[in-house]
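These notes are about the structure you will find just below.
The values are calculated or read from the model by the stated rules, or taken from the named source; none is laboratory data. Computed from a prediction, not measured in an experiment: that's the story for all the values here. Using ideal geometry, Cβ is built from the backbone for each residue, glycine included, and neighbour counts are taken over all protein chains shown.
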Amino acid sequence: MHSRHEYSIYAEGADARHRLLTALDGHSCVRVATDWKLFVEELAHFRSAAVYIPELNGHHADRLKRLRSDRPLLPIALVTELHPANLKALNAVPECDDILLDSEIENLPDVLQKIAGRSLLLEAAAWIESLEQYPPELVMTLARACRRREPVRKVTKLAEEVLGHNRQSFWELWRKAALPSRAHDFIDWLLIAHAVLLWYPDTADRSIARQLSVHPQSLTAAIRRQFPSLTLTDVATGGKAALLAKLRDLLSRIG
């Protein structure tokens, strides 16, 4: 599936769907689904998601726990009604990136955009931009690479397409920064991060590699170099914090 939509929302029931469509009128970047299975299967194609369940119960809590477990890096918002039973049920719901009452539903597009900004690659870009000790051009290059929809696969492309310079100029910036890693390590990290965002239980690595237009062995090799003894599933289920920690190891000078 290739979609022009950026955010996906699941609506529980016809009334919830109607309320959503009314509140989201004019927001073409949002896709509304009423089939839970289809909603979950297509989440890899969206920057963030929301679940609108007017009346929460144990069944919904189990669904949300499974969703959070299967998609640990996807920003998710929950929308529900202001009701004592719902507030009690929230205790059994896994942590969401944001929770709205249905009376605030018109704010949902802004919330989806906000929580998407906390997603893995954008958070990585923001952290890189805070590295004031490095050459500004290098910082800009690496941050911009994190914001691309597809991973940069070669240092040459990173230098020419993102920075606008040739490879030699890029190497000079890298050496000037005295980084503790190679540029190829950052390229590996980008590929792995994009693969993790496409990961879903029981999805073959070769399928993910095909979506990223890389050979499966290239993806496997990148994981082995950066996360020895781990698989893509291990890295994905390890969560965002572990991937960001790896990036910090690659780009932070010691001492």
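Within region 115-135, take every residue that is within 18 Å of the chain's Cα centre (by Cα) and part of a loop (DSSP other than H, G, I, E, B) and give me the one that is modelled with the highest pLDDT. So the residue we want is Ser119.
Could you tell me which of the residues Leu131, Leu142 is over 24 Å from Ala44 (Cβ atoms) and in contact with a Phe, Trp or Tyr (Cβ under 7 Å, 6 or more places away or on another chain)? Criteria check complete, one pass: Leu142.
Would you mind stating whether Asp202 is of a type in the set (Asp, Glu) and either under 19 Å from Pro151 (Cβ atoms) or not assigned by TED's automatic domain parsing to the domain that holds Ala143 (or both)? When the stated conditions are applied, Asp202 does not pass them. Counting only helices (runs of 4 or more DSSP H) that sit wholly inside region 136-255, those with at least 1 residues that are surrounded by fewer than 17 Cβ atoms within 10 Å (Cβ to Cβ) and acidic (Asp, Glu) are 136-147, 167-177, 232-237, 240-251. Scanning region 115-135 for residues that are in contact (Cβ under 8 Å) with a residue 40 or more places away in the chain, out of contact with any helix residue (DSSP H, G or I) (no Cβ under 6 Å at 6 or more places or on another chain) and closer than 24 Å to Ala50 by Cα, we see that the one that is surrounded by the fewest Cβ atoms within 10 Å (Cβ to Cβ) is Arg118.
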